[in-house]
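The values are calculated or read from the model by the stated rules, or taken from the named source; none is laboratory data. Computed from a predicted structure; not experimentally measured. A quick note on method: Cβ atoms are made from the backbone with ideal geometry, for glycine too, and the neighbour counts reach across all protein chains shown.
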Amino acid sequence: MLKIKNLQVNINGTEILHGIDLEVNAGEVHAIMGPNGSGKSTLAHVLAGRETYAVTEGEVIYEGQNLLAMLPEDRAREGIFLAFQYPVEIPGVSNTYFLRAALNTIRKHQNLEELDAMDFLGLVREKMMLLGMDESLMNRPVNEGFSGGEKKRNEILQMAVLEPKLAILDETDSGLDIDALKIVANGVNSLRSPERSIIVVTHYQRLLNYIVPDFVHVLYDGRIVKSGGKELALELEHKGYGWLDEALETEPRA
Amino acid sequence: MTEVKDHRDVYLASFARQEKEFATRPSWLREIRRAALQRFAELGFPTTHNEEWKHTSVEGIASVPFEPAQAGPAGAIIDALKGLPLCGLDCSRLVFLNGHYQRELSSLIDLPKEVRAGSLAEALANGSLALEQHLARHADYQNHAFVALNTAFLHDGIFVEIPKGLILEKPLVLLFISAASGRPIVAHPRTLVITGRESQATVIEGYIAVGEEPYFTNAVTEIVAGEGAVLEYAKFQQEGRAAFHVATVQVRQERSSNVTTYSFALGGALVREELGTLLAGEGAAAALHGLYMANGRQHVDNYTTMDHAMPHCNSRELYKGILDGQSTAVFNGRVIVRKDAQKTDSKQGNKNLLLSEDAVINTKPQLEIFADDVKCTHGATIGQVDPEAIFYLRSRGIAREQARGLLTFAFANEVIERVKYKPLRDRLKAALRARLGAGTGKEDA
């Protein structure tokens with residue numbers, strides 16, 4: 001599904017990612033953990049196509065295509081979805097209008113029939129129930145005046161409606177209380193399937209109690225310094241990121 | 001100071017010719033006309049040395065010998081009208097063409113018979129105490145050259161009187177159409193709307209064009225909202241791309257009246273929209289909304305005045321502008337709080353979206369506060385379409401141009417959504433979409 005080779009990324013001349021290698025196969029859930037400033041969000045945004053980041057080296061192959069040559073909207077149409085850490089408020093555009101426009105753009109791209117207002121509403125209602133969301137949120141402007149938890153749920157709702165092939169969750173757990181966290185995890189788990197891959201970017205292990213990953217990677221200072229199974233997350237939680245400093249000082253860097 | 005060459009003399013000669021036809025008019029009006037002409041002759045057209053016209057040069061108006069249009073047959077334009085905004089509204093309407101009343105295009109079928117609505121010339125001929133009390137008593141022709149000019153040429157227009165307690169269910173549409181006549185013409189539309197105590201009404205005033213030739217519209221509207229009256233007034237201006245449009249709307253609000261205004265300025269080459277309300281009675285409330293859009297080399301200037309004369313009045317103002325191309329715009333929001341206007345609560349906002357590098361906006365709040373127990377806030381913003389929002393939309397599959405159009409539409413929509421009458425709201429959205437199609441290269445925003 002996704003193959004990242006030696007990815008190096010600059011922001012305003014400062015190198016943030018120093019060469020990332022990562023392979024994600026269909027059906028797998030990968031967690032990317034790391035302390036603040038390690039480059040987790042940068043990686044997530046580069047995959048979604050944010051243009052303020054400059055890729056200086058490496059390549060990303062998604063479903064056999066050169067992902068880095070694709071526009072953000074084309075990536076979305078080809079099945080990539082980024083759940084934002086800080087979802088953007090868009091005054092004046094209703095959540096319903098926005099999500100339906102997005103869904104129909106993607107459906108059109110896939111040669112599927114566009115959904116009319118009624119069918120769309122039916123689909124959204126079902127997904128909102130799953131996420132315990134109040135239907136009134138659909139008539140409000142996108143994310144405007146939403147609480148932190150509502151914004152995160154709105155991201156997962158979009159994901160559930162758009163049904164991406166590759167979902168990237170950028171710190172979707174941050175700022176959520178335990179009930180909201182469980183609801184969000186539930187929503188994500190309901191989308192797990194052999195055809196769909198999920199990359200969970202997180203600072204904390206807590207979310208991974210509910211979304212159990214197949215693989216865990218530790219991103220540290222712009223490099224993946226350790227990869228393993230779900231137990232690696234527990235080890236990190238137990239020892240903290242400081243442990244990495246010590247471990248890396250004794251090991252020569254690659 | 002350099003003297004701008006202007007055609008004051010053309011207006012003076014034109015006035016002298018008209019004066020003969022006005023012998024039959026009431027003497028109070030003839031006096032006002034003469035006084036206004038006198039003031040216009042003294043004031044002349046404002047120059048950019050005048051602080052209130054600093055960013056708007058009217059040389060383009062002053063230097064052309066505009067003359068009043070002759071009354072012509074309206075039949076030729078009926079087909080052209082069908083596609084224009086406001087023309088399809090299923091409401092009573094009064095229609096003027098190049099400054100002349102068009103009975104055959106007007107329809108007052110929905111109007112309760114207690115409501116007085118029709119040509120000002122006819123009302124003058126029949127005599128009316130309210131007319132004499134209010135006509136030319138609110139819009140200041142002593143200090144304002146364009147109001148003076150309009151008042152000097154006051155011969156016809158629209159007179160609306162809503163009686164006490166009457167609730168008008170549907171809006172009343174006043175339509176001023178300009179159509180090509182082969183030479184530069186001027187019209188001085190004049191409107192007087194009086195709403196009685198505890199009445200309720202919606203009045204929509206439209207200025208639209210058939211054809212693209214240059215002309216000059218110099219409109220004055222006076223509105224009196226009686227005690228406890230609730231009035232919505234919307235002005236929709238989509239003049240031709242070569243047109244000059246100067247309009248002054250002056251409102252007087254009595255005790256506990258509630259007036260909401262909307263100004264949609266989309267057309268014209270050079271546009272000045274003045275709107276003022278005098279909160280003349282305790283507990284009155286005013287909400288002023290504006291949306292101006294310009295592209296190419298259009299210039300649009302909004303000058304608003306919120307005059308708090310009495311205590312416990314509440315005013316809200318939101319004007320938004322979208323500027324593309326090399327267009328220029330001015331917003332001047334004056335708020336006056338007089339000595340007696342304690343407990344005033346006033347809030348003003350002006351937000352501008354610049355779609356191009358070359359567009360220019362001059363925005364200036366102007367607070368003059370003479371009372372000490374008041375709450376007045378104001379704020380102005382100038383910005384581009386939010387790149388974060390564009391990326392967010394694109395990350396959901398929406399193309400860049402569509403995202404830009406959608407966000408621009410959303411910016412403007414904040415004003416349109418406040419219009420209560422849904423058919424008007426729908427037409428405004430359609431006009432906006434058509435306009436953004438030209439401005440952003442995308443129809444489906």
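Take B:Ala247 and tell me if it is surrounded by fewer than 24 Cβ atoms within 10 Å (Cβ to Cβ) and in the same structural domain as B:Pro184 (by TED's automatic domain parsing).
So B:Ala247 does not fit the description; no.
Within the stretch B:13-47, work out how many residues are farther than 23 Å from B:Glu132 by Cβ, surrounded by 14 or more Cβ atoms within 10 Å (Cβ to Cβ) and over 23 Å from the mean Cα position of the chain (by Cα).
Of the residues in that region, 2 qualify.
All but one of (1) part of a helix (DSSP H, G or I); (2) closer than 30 Å to A:Asn209 by Cβ; (3) more than 13 Å from chain B (Cβ to nearest Cβ) hold for A:Ser174, so report the exception by its number.
Only one criterion is unmet by A:Ser174, namely (1).
Could you tell me whether any residue of the stretch A:209-232 is assigned to a helix (DSSP H, G or I), touching a helix residue (DSSP H, G or I) at 6+ places or on another chain (Cβ under 6 Å) and either at pLDDT 95 or above or surrounded by 15 or more Cβ atoms within 10 Å (Cβ to Cβ) (or both)?
Among the residues of the stretch A:209-232, not one is assigned to a helix (DSSP H, G or I), touching a helix residue (DSSP H, G or I) at 6+ places or on another chain (Cβ under 6 Å) and either at pLDDT 95 or above or surrounded by 15 or more Cβ atoms within 10 Å (Cβ to Cβ) (or both), which makes the answer no.
Quick check on this structure: which one of A:Ala76, A:Ala102 is closer than 28 Å to B:Arg418 by Cα, within 14 Å of chain B (Cβ to nearest Cβ) and modelled with pLDDT of 95 or more?
After applying the criteria, what remains is A:Ala102.
For the stretch A:1-48, which strands (runs of 3 or more DSSP E) that fit wholly inside it have 1 or more residues that are of a type in the set (S, T, N, Q)?
A:2-11, A:14-24
Can you report the number of residues in the stretch A:43-66 which are touching a residue at least 60 places away in the same chain (Cβ under 8 Å) and within 14 Å of chain B (Cβ to nearest Cβ)?
Summing the residues that are touching a residue at least 60 places away in the same chain (Cβ under 8 Å) and within 14 Å of chain B (Cβ to nearest Cβ) in the stretch A:43-66 gives 4.
Quick check on A:Asp179: is it acidic (Asp, Glu), modelled with pLDDT under 95 and in a loop (DSSP other than H, G, I, E, B)?
No, not satisfied.
On the given criteria, is A:Phe98 crowded, with 16+ Cβ neighbours inside 10 Å, touching a residue at least 60 places away in the same chain (Cβ under 8 Å) and of a type in the set (Phe, Trp, Tyr)?
The answer is no for A:Phe98.
Is the stretch A:173-190 home to any residue that is out of contact with any helix residue (DSSP H, G or I) (no Cβ under 8 Å at 6 or more places or on another chain) and either surrounded by 21 or more Cβ atoms within 10 Å (Cβ to Cβ) or under 17 Å from A:Val24 (Cα atoms) (or both)?
The answer is no, given that none of the residues of the stretch A:173-190 is out of contact with any helix residue (DSSP H, G or I) (no Cβ under 8 Å at 6 or more places or on another chain) and either surrounded by 21 or more Cβ atoms within 10 Å (Cβ to Cβ) or under 17 Å from A:Val24 (Cα atoms) (or both).
Please list, ordered by residue number, the strands (runs of 3 or more DSSP E) wholly in the stretch B:187-277 having 3 or more residues that are modelled with pLDDT under 95.
Filter on the stretch B:187-277 gives B:200-210.
Looking at the stretch A:79-99 only, could you name the residues that are more than 8 Å from chain B (Cβ to nearest Cβ) and among the β-branched types (Val, Ile, Thr)?
A:Ile80, A:Thr96
Please go through the stretch B:367-388 and give me each residue that is within 25 Å of B:Asp307 (Cβ to Cβ), over 27 Å from the mean Cα position of the chain (by Cα) and surrounded by fewer than 16 Cβ atoms within 10 Å (Cβ to Cβ), ordered by number.
Scanning the stretch B:367-388 gives B:Phe370, B:Asp372, B:Asp373, B:Lys375.
Which strands (runs of 3 or more DSSP E) does the stretch B:329-445 wholly contain that include 2 or more residues that are touching a Leu at 6+ places or on another chain (Cβ under 7 Å)?
In the stretch B:329-445, B:345-354, B:375-383 are the strands (runs of 3 or more DSSP E) which contain 2 or more residues that are touching a Leu at 6+ places or on another chain (Cβ under 7 Å).
Say whether the condition of being away from every other protein chain (no Cβ under 14 Å), touching an Asp or Glu at 6+ places or on another chain (Cβ under 6 Å) and modelled with pLDDT of 90 or more is met by at least one residue in the stretch B:365-386.
Yes, the stretch B:365-386 has at least one match.
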